[in-house]
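Colleague: What follows is a structure written as structure tokens; I'll ask about it next.
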Protein chains: 2
Amino acid sequence: MHEDAAEEPPAMPAIAEQHDWIDRFEGLSRLEPRIRDVLSTRSQVIRVPANTVIFGPGKSPDNMLLLLDGTVRVQQLAENGREVVLYRVTAGESCVLTTACMLAYEDYAAEGVAETDIVAAAIPRAVFDDLVSSSKEFRNFVFRAYSRRITDLFHVIEDIAFRRMDIRLAQKIIERADTGVLRATHAQLAAELGTAREVISRQLAEFQRRGWIAQGRGTVEILDCDGLRKLAES
Amino acid sequence: MHEDAAEEPPAMPAIAEQHDWIDRFEGLSRLEPRIRDVLSTRSQVIRVPANTVIFGPGKSPDNMLLLLDGTVRVQQLAENGREVVLYRVTAGESCVLTTACMLAYEDYAAEGVAETDIVAAAIPRAVFDDLVSSSKEFRNFVFRAYSRRITDLFHVIEDIAFRRMDIRLAQKIIERADTGVLRATHAQLAAELGTAREVISRQLAEFQRRGWIAQGRGTVEILDCDGLRKLAES
DNA sequence: ACCCGTTGTGTGACTAGGTCACTGATTGGC
DNA sequence: GCCAATCAGTGACCTAGTCACACAACGGGT
């Protein structure tokens, strides 16, 4: 059993099992060799099934997660049952709020939910602390991740406070309908944008009337992307 | 000369000039002696006049600020000219978004404005990095500050998305009228809450009609705090 | 194949909040 | 004492959110 196997894996089976997942993170590729080693030996690749609540009010995790595959939806919950999606963490990103939960003992009104099955590298709290203290590259990675999330939050605030619903909905549809068809109920879109179901129903009816979309039960099909885009960019 | 003197300072001249400002920060009091020294010798106490823009779009500072005196208002600006106040940094707190700006090269849609004359300890970027890497206490301080701000942002989002204007306005009035009189124009309150001036005017008219407040040009006087509070807590 | 509970959507009436286009009042210089 | 700037009040109108429904589609059972 030679040590090199870990460094240069051949053929590539399930990527997540390899130690080279580190390079899939923008900002970690130039990590110091010693640090890279700590990271790969002292973190653990875990799998989480879809719809698991990863963190939430009263449930702070004790690992920092680096997402290797899948997406995590982070959303704000209100007492009256309404929600807004704050942002999504996708493969190659880290879930910094987890870190904040871990390190800062404050409770959050937000929760993170696995939107798909997930593969992630879990970094225990102590290791995280070690890495932050010993690697400038890792520090930059962490702070940049924070910065990105905070920027996302700013966008959410700006959207909710100042932008019209029709514009926001059009954007959302374009953004989340990669194949031209979006699978989501009106209720889900409402939760996404932090509004009420009826509002979505009415807006979609209007979009349909204009020939921009076609609707099915639980689906929205884009017919005229330019029409939507023109609205979204106004 | 007994050691206790340091714990219970007498008379107190201009506080900011002393090196013991560190103890005014919750979370820095148990800093390792060596670190404490680095912090006091390599940071610089600065003064900034009221209404200075400390950071903003296209203006990222190269120091991390620990506020010794005064308050900084951090607000989001929209193209159409409307604003929302995100949070305030008060004496004894740090302005972490500054850190994020410093370290992460993303531009923010938010700006920080000195709301009063300000005294702050400025920590140069390089020193900040050094401190984060060498002191666990300082790391905790930084991450806790992040966590607090993120929590604040969550509150703002929840407020804007899900709470009624009258309730939010009542809260704001109570919160910012320490002496029973609040100096602010309707336009300022509107910017505070991210709404339009007319909305504030109408709500205040209603509060006045109910006998909760009296209005003057640029002032709101609380007459019946319980009335306001009952609304604010509903 | 039919029944039935569950889930998703449509609608009208109403309230709250935001926009627009004004008016008039107050204030601080000059 | 006049004038420009600032601050506040108002009505008409539009968008968004709430409430109370009706109804349609779907997915198991039996």
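Colleague: For the protein assembly as shown, give the magnitude of the charge dipole about the Cα centre (Cβ charges: +1 Lys/Arg, -1 Asp/Glu; no others), in debye to the nearest 20.
Modeller: Working: 58 positive and 72 negative charges, 339 e Å.
Here the size comes out at about 1640 debye.
Colleague: Determine the calculated [θ] at 222 nm for chain A from helices alone, applying -39500 (n - 2.57) to every DSSP H run no shorter than 4 residues and normalising by the residue count; nearest 500 deg cm²/dmol. Show your work: numbers first, answer last.
Modeller: Working: 9 runs with 101 residues, N = 234.
After summing the helix terms and dividing by residue count, I get -13000 deg cm²/dmol.
Colleague: Let me ask something additional. Please give the contour-minus-distance gain from A:ALA78 to A:SER234: 0.36 nm per residue of separation, less the Cα-Cα distance, rounded to one decimal in nm. Walk me through the numbers on the way to the answer.
Modeller: Numbers: separation 156, 0.36 × 156 = 56.16 nm, distance 2.99 nm.
Extra length available between A:ALA78 and A:SER234 comes to 53.2 nm.
Colleague: Here is a follow-up. Sketch the reach of a paramagnetic label on A:LEU223 as a point 7 Å from Cα along Cα-to-Cβ, and name the residues of the range A:171-199 whose backbone nitrogen lies under 17 Å away.
Modeller: A:174, A:180-182
Colleague: For A:HIS155, which inter-copy label distances result when the label point lies 7 Å beyond Cα on the Cα-to-Cβ vector, reported in nm to one decimal and in ascending order?
Modeller: Label point to label point, same position, other copies: 2.6 nm.
Colleague: If I fit a long axis through the Cα atoms of helix A:125-134 and take the longest principal axis of the Cα atoms of chain A, what angle between them do I get, 0 to 90°, rounded to 10?
Modeller: The answer is roughly 70 degrees.
Colleague: What does the charge dipole of chain B about its Cα centre add up to, to the nearest 20 debye, if the Cβ of each Lys and Arg holds +1 and the Cβ of each Asp and Glu holds -1? Kindly include the intermediate steps, with their values, before the conclusion.
Modeller: Details: 29 positive and 36 negative charges, 169 e Å.
For chain B, the charge dipole is close to 820 debye.
Colleague: Show which aspartates and glutamates lie in cross-link reach of B:LYS59 when reach means a straight Cα distance below 14 angstrom and same-chain residues fewer than eight apart are skipped.
Modeller: Filter leaves B:GLU106, B:ASP107, B:GLU111.
Colleague: What are the distances, in nm and sorted shortest first, from the label point of A:ALA214 to the label points of the same position in each other copy, with each label point placed 7 Å from Cα along the Cα-to-Cβ direction?
Modeller: From this label point to the equivalent ones elsewhere in the assembly: 6.8 nm.
Colleague: Treating only the Cβ of Lys, Arg, Asp and Glu as charged (+1, +1, -1, -1), what charge dipole size does the range B:184-234 show about its Cα centre? Round to the nearest 20 debye. Intermediate values should be presented prior to the final figure.
Modeller: Numbers: 7 positive and 7 negative charges, 29 e Å.
Dipole of the range B:184-234, to the nearest 20 debye: 140 debye.
Colleague: Hey, for A:ASP62 with labels 7 Å out along Cα-Cβ, what do the inter-copy distances come to in nm, ordered shortest first?
Modeller: Once sorted, the set of distances for A:ASP62 reads 4.3 nm.
Colleague: Follow-up. On full extension of the chain, what length is gained from B:ARG209 through B:THR116, given 0.36 nm per residue of separation minus the C-alpha to C-alpha distance? Write down the numbers at each step before the final one.
Modeller: Values: separation 93, 0.36 × 93 = 33.48 nm, distance 3.30 nm.
My answer for the length gained is 30.2 nm.
Rule-based calculations on the coordinates, nothing more; no lab input. Everything numeric in this text was worked out from a predicted model, so none of it was measured. Every residue, glycine as well, gets a Cβ built from its backbone with ideal geometry; the counts of neighbours run over all protein chains shown.
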